[in-house]
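First up is the structure itself, then whatever we jot down about it.
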């Protein structure tokens, strides 16, 4: 994982290779910007159990693996114990000894052999170390638990002088050395190992919070070069030591224009039709039972069908539980399990309470580095948010984690559990790193629970502004279009009831409308018939009047003619 560090130019890198020796611990070498100072002593100090010996053995065996030879000097544990310790972490220390590439010197103090008066004489010790270095032409030296010689000195000034002598001797020999010391009675501070003698000082410690322990590392000083000065968590388990500096501030997210289906066609439609962009960070928030895991598993199935490598980290369910529960929705996760192939599904359950927050971060980063997935799922990520929602450390951890994955171009989907007594707002407060935020909620009405889905935000996508209902069945997840009736939006059984009532009302109104139209048409017919009758009656009356007028006119004409004839006869 290289997202958090700026790559030095060639000149700087060449200088770093010449002046410093790599420890073989990638994260530590990045913090040291090359490695520990070459040909000079480096001090590892920390209390018991902080990982001093493991770091020293890693430095030693990684150098041997790169072709060097080395000498290990122990003032505490036996050579056999150190060999077993190294082999427990996968380093073949016993084989290196047999091949004469590693020499282990047992320098545990023995007053009967090396005591002179009341003090220990280091001349014999240095002579033995020098002989071993010359015999192997060794370029690396580890002195483990140098504070173990404290009891053999009668006075502090004498010990301080002798320790300074050891460090000067190492510089004169020009051998790259790592020296471990504990924090017993502030040993390193009292004898000036930190302030005056060591060229590089790396402090290790254990922090315990809420009864969970986290190991952290800090480079206190390093002469002759710059280094990162923050505290960094690291993992120490059966897989060895893993440390990555994750406090970079540059934004280097990889961008892709390709889309990845969510596995739910209705949700893809709500996100513009094709689903989110690859490399996006998605957050699914919801109450218990809202369907967060089911939606995440649908997304996983779609990614596997697209031949993408998927890492699914479950903080609540075991692998068998997850496979069994999702099978009821028709999602067969076992079918996509990775059998050593480059593609497939890796299911990784992690108990959220077994490690501290920082160690969780390291473990997740190591899993990503190991499997190189294209898609990572955290279910639910809220378990990493700490016991208190307002914990700033938890928020910082989540932001760092999401930033690293985004910088690597990994598509990340996280589910978030919302409290039942909350307002539905996300308590994690990580929206600045979220590209697509989907919120699920339960709608309780008339003794029934319905699941609703909303796309709160989706950067660069034309999203739907509707609140839709979705159903879980043996066919998977189905998103239904909302029903908008006279009384508003209805879901579930109420939706069917409202639809039935509205359809009945529509049918009744349709029938009343048809009757009204028929009555209206009847009135028009009556009016038309009445008009026709009136017209006929008017015509009949007009014809009778016309006949009467004609009769009268004929009678008048007849009378006029008679009168005219009488008048002519008299004349």
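If I go through the stretch 224-270 residue by residue, how many of them are out of contact with any helix residue (DSSP H, G or I) (no Cβ under 8 Å at 6 or more places or on another chain) and modelled with pLDDT of 70 or more?
Residues meeting the conditions: 12.
Out of the residues in the stretch 205-223 that are out of contact with any helix residue (DSSP H, G or I) (no Cβ under 6 Å at 6 or more places or on another chain) and closer than 20 Å to residue 89 by Cβ, which is modelled with the lowest pLDDT?
213
What are the residues in the stretch 287-338 that are touching a residue at least 40 places away in the same chain (Cβ under 8 Å), part of a loop (DSSP other than H, G, I, E, B) and under 15 Å from residue 263 (Cα atoms), if any?
Hits for the stretch 287-338 are 291, 306, 308, 329, 330, 331.
Name the residues in the stretch 295-317 that are at pLDDT below 90 and within 17 Å of residue 440 (Cβ to Cβ), would you?
The one that is at pLDDT below 90 and within 17 Å of residue 440 (Cβ to Cβ): 316.
Would you confirm whether any residue within the stretch 264-277 is within 19 Å of residue 325 (Cα to Cα) and in a loop (DSSP other than H, G, I, E, B)?
yes
In the stretch 37-52, which residue that is outside any loop (DSSP other than H, G, I, E, B) and more than 33 Å from the chain's Cα centre (by Cα) is surrounded by the fewest Cβ atoms within 10 Å (Cβ to Cβ)?
Top of the filtered list is 37.
The values are calculated or read from the model by the stated rules, or taken from the named source; none is laboratory data. Note that this is a predicted model, so its numbers are computed, not measured. Here Cβ is always computed from backbone atoms with ideal geometry, including for glycine, and neighbour counts include all displayed protein chains.
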